[in-house]
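No lab work stands behind these numbers, since they all come straight from the coordinates. Computed from a prediction, not measured in an experiment: that's the story for all the values here. In this analysis, Cβ positions are derived from the backbone assuming ideal geometry, glycine residues included, and neighbour counts consider all displayed protein chains.
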Amino acid sequence: MDPDLSGLDLRRVPGVPETAIDDALVATLPANEAPAPWAVRSTGMVWMHRANPAADDALPEALRRQGATSSFVIGGFVRYTETPVGAYDEVFGVVGYRIGRQVGATVAFMAVDSATSLVGGRENWSMPKAMASFTGEPAPRREMTAAGTNEHGWSVRATAGRAAPPVPVFSRARVVQEFADGSVRGCRLRARGWSRLTRVEVEVSSSASLPAWLRSGRHPGATLSGINFSLGVPLPQ
């Protein structure tokens, strides 16, 4: 039987420095209102670029011990309209990696404007959610920004360009995270909706490591609408 991970210290969830949460924030957090799995509805803006050596450093230590090396980076903004914990905005940075012939993806950076989402993300899936404020919207020819509330003063700004006509998109992926107890667990993500290809102009700033691997610039990407996806229960790798 899998161990109960619900009592682990939320501050120990692995992530890049920009995802750190402190004692003052932890003292205000609610209990986990929505254990996994989740089913949600959202819109979004995503972009992708090749990984550089700094992306290896963003991988969790447990994956690096297994020989993981980074291969690509996906960044994005998501506006969740329906979730088990209500509506909220999110920004993220995912590192794709290889271990031999195996390809995987791990969330190295994530921030939201919902304390209940922060707790659910950290406790259910060990996703290193921090708190942030957001402006704008993730839509064609629109800008969206996120600004962190911790000591690193980070911000992410992205502007989607002119978008191609919408096409249906279907995705099945596995997201792998290191948990606070050192275990490595994966969960299945299934998504469907509509995608419009575009170019995304991205600006990332921070006093820590985020700009080194989630890089500023003009990247291939897409705007997403009518996205329904589910995130399952994490299981040991």
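Assorted remarks:
- When the helices of the chain are scored as -39500 (n - 2.57) per DSSP H run of n ≥ 4 and the total is divided over every residue, the value at 222 nm lands at -3000 deg cm²/dmol.
- Alpha-carbon centroid distance for the pair segment 21-75 / segment 190-211, whole angstrom: 13
- Rounded to the nearest 20 debye, the dipole magnitude of the chain is 1300 debye, with +1 charges on Lys and Arg beta carbons, -1 on Asp and Glu beta carbons, and the Cα centre as origin.
- Of all beta bridges that DSSP places with both ends in segment 108-181, some 75 percent have antiparallel geometry.
- As computed over segment 152-237, the Cα convex hull volume per residue (Å³): 127
- For segment 1-154, dividing the convex hull volume of the Cα atoms by the residue count gives 137 Å³ per residue.
- Contour excess over end-to-end distance, with Cα ends at A147 and T81 and 0.36 nm allotted per residue: 21.7 nm
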